[in-house]
1. Mind checking the per residue accessible area of the chain for me, 1.4 Å probe, whole number of Å²?
2. What number does the stretch 29-165 give for Rg over Rh if you use C-alpha atoms and the Kirkwood radius?
3. Could you give the length gained by full extension between Ala83 and Thr258, i.e. 0.36 nm per residue of separation minus their alpha carbon distance, to one decimal place?
4. Taking a spot 7 Å from the Cα of Ala49 along the direction of its beta carbon, which residues of the stretch 76-101 have an amide N less than 14 Å from it?
5. In the chain, with Lys and Arg counted as +1 and Asp and Glu as -1 at Cβ, which of these residues, Ser236, Ala132, Gln194, has the Cα nearest the positive end of the dipole, that is, farthest along it?
6. Taking 7 Å along the Cα-to-C-beta vector as the label spot, tell me the Glu241-Ala106 distance in nanometres, rounded to one decimal.
7. Taking Cα atoms, how many degrees apart are the long axis of helix 13-22 and the longest axis of the chain, rounded to 10 and kept between 0 and 90?
8. Net charge around Pro116, counting only other residues with Cβ within less than 12 Å of its Cβ (Lys, Arg = +1; Asp, Glu = -1)?
Amino acid sequence: MKIALMDSGIGLLAAAAAVRRLRPDADLVLSSDPDGMPWGPRTAEDLTARAVAVAEAAAAHRPDALIVACNTASVHALPTLRARFESEFPVIGTVPAIKPAAAAAAGGPVAIWATPATTGSPYQRGLIEDFANGVDVTEVPCPGLADAVQYADEAAIDETIAAAAALTPPDVRAVVLGCTHYELVAERIRAAVQQPGQPPLVLHGSAGAVAAQALRRAGANIGATDVVPGLTVLLSGREEELPRAALAYAEGRMLAETSPAL
């Protein structure tokens, strides 16, 4: 079993770690685009071209499924990626977990942390209208947070999380992590938003759901085997090792420890 994941950068680590936990024997192909990131400021056409190139690099390794572990790429490039690759393998996109967050909050206040480009976008507003109608939702832009996570810039991570937390109403009961990079610092976000004396804050990411969906679409049973998994890392098409910044996060360290390079 081989699962490929793609993103502009290391945001794919959360979903890759989720795949590893669900199917410990699966080979992983991590394909990202450090030469072209960030993707957010690019036009939809340019972003789609970059995403197709990253997916092509992954496809050369003949995966059983491809996870588009990037909210921005899922918004702009998913139809093109599916048209190009679905005849070869399933393509699974990433959608902010607004529906489960709204359901779990039972009408209580919800915040959605996302990139400035996504915050207030027709795409995100459509998800809110479809899945959180009647729920008090606050859209929180997080400028610079994805870049800070990408480069494991500790000071910038603290600064950008604090700025976003200041924009988050103190009575929120759930926070949707609307960018895959944010899941790598989920506990730091929780600590910044959690109010003393309030019930535990619930964070809603997408990694677990997309990992499970990819394995279902690939026809893989969930569970452990004795097979030692492999790891292939593609940086703008070049086969290399995990970026050093990836090892700053538990997900990256877990992948490095459990997956000898192919």
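The values are calculated or read from the model by the stated rules, or taken from the named source; none is laboratory data. These figures come from a predicted structure and were not determined experimentally. Neighbour counts are summed over all protein chains in view; Cβ atoms, including those assigned to glycine, are modelled from backbone coordinates with ideal geometry. Just the protein is used for accessible areas: all its heavy atoms, side chains included, with ligands, DNA and RNA removed. Shrake-Rupley method; radii C 1.70, N 1.55, O 1.52, S 1.80 Å.
1. Values: 11160 Å² over 262 residues.
Per residue, the chain has 43 Å² of solvent-accessible surface.
2. Details: Rg = 16.4 Å, Rh = 16.4 Å.
Rounded to two decimals, Rg/Rh equals 1.00.
3. Details: separation 175, 0.36 × 175 = 63.00 nm, distance 3.33 nm.
Extra length from Ala83 to Thr258 when fully extended: 59.7 nm.
4. No residues fall inside that zone.
5. Value computed over the given set: Ala132.
6. 5.0
7. Helix 13-22 and the main axis of the chain meet at about 70 degrees.
8. On the way: positive: none; negative: Glu139, Asp147.
Once positives and negatives cancel, what remains is -2.
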